[in-house]
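This report refers to the structure that appears directly beneath it.
The values are calculated or read from the model by the stated rules, or taken from the named source; none is laboratory data. Just so it is clear, the structure is predicted and the values come from calculations on it, not from any experiment. Here the Cβ positions follow ideal geometry from the backbone for every residue, glycine too, while neighbour counts run over all protein chains shown. Side chains are part of the model used for accessible areas, which takes the heavy atoms of the whole protein and leaves out ligands, DNA and RNA. Shrake-Rupley method; radii C 1.70, N 1.55, O 1.52, S 1.80 Å.
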Amino acid sequence: MTSFVMTTPFVIDDPALDVLFREARSLNTFSDEPVSAAQVREVFELVKLGPTMMNIQPMRLLLVEKGEGRDRLVPHMAEGNRAKAE
């Protein structure tokens, strides 16, 4: 039987801490820059298995491109979110 002894603790360096915690901010606006389906898939792959409250996976994701689908969806959204979704 082999065993492993960790001689140094796992340490996250300062640049990584900056990206993850110190300088990270949630955005509350969108740009007009298009996002490809491949980019959406890439982000989804990063977040789909992330930890959630009590592991119940509360994240719901609906992607609707500009056009008829979005025009039908926007009136059903909370008033404060409509302008951002349009």
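Remark: pairs (first residue in region 10-30, in contact (Cβ under 8 Å) with a residue 24 or more places away in the chain; second residue part of a helix (DSSP H, G or I) and small (G, A, S); Cβ separation under 7 Å; 6+ apart in sequence or on different chains) are absent. Tallying residues that are open to solvent by 100 Å² or more (accessible area, probe 1.4 Å), assigned to a helix (DSSP H, G or I) and not charged (D, E, K, R) within region 30-46 yields 1. Figure legend. Inter-residue proximity from region 47-73: first residues farther than 20 Å from F30 by Cα and exposed (fewer than 10 other Cβ atoms within 10 Å of the Cβ), second residues modelled with pLDDT under 70 and β-branched (V, I, T), beta-carbon distance below 6 Å, spacing 6+ or different chains. Indicated pairs: P58/T52.
So, in region 74-86, exactly how many residues are part of a loop (DSSP other than H, G, I, E, B), surrounded by 10 or more Cβ atoms within 10 Å (Cβ to Cβ) and not acidic (D, E)? Even if it seems obvious, please write down each step before you answer.
Of the residues in region 74-86, the ones part of a loop (DSSP other than H, G, I, E, B) are 77-78, 86.
Filter once more, keeping what is surrounded by 10 or more Cβ atoms within 10 Å (Cβ to Cβ): 77, 86.
Subset that is not acidic (D, E): 77.
Residues meeting the conditions: 1.
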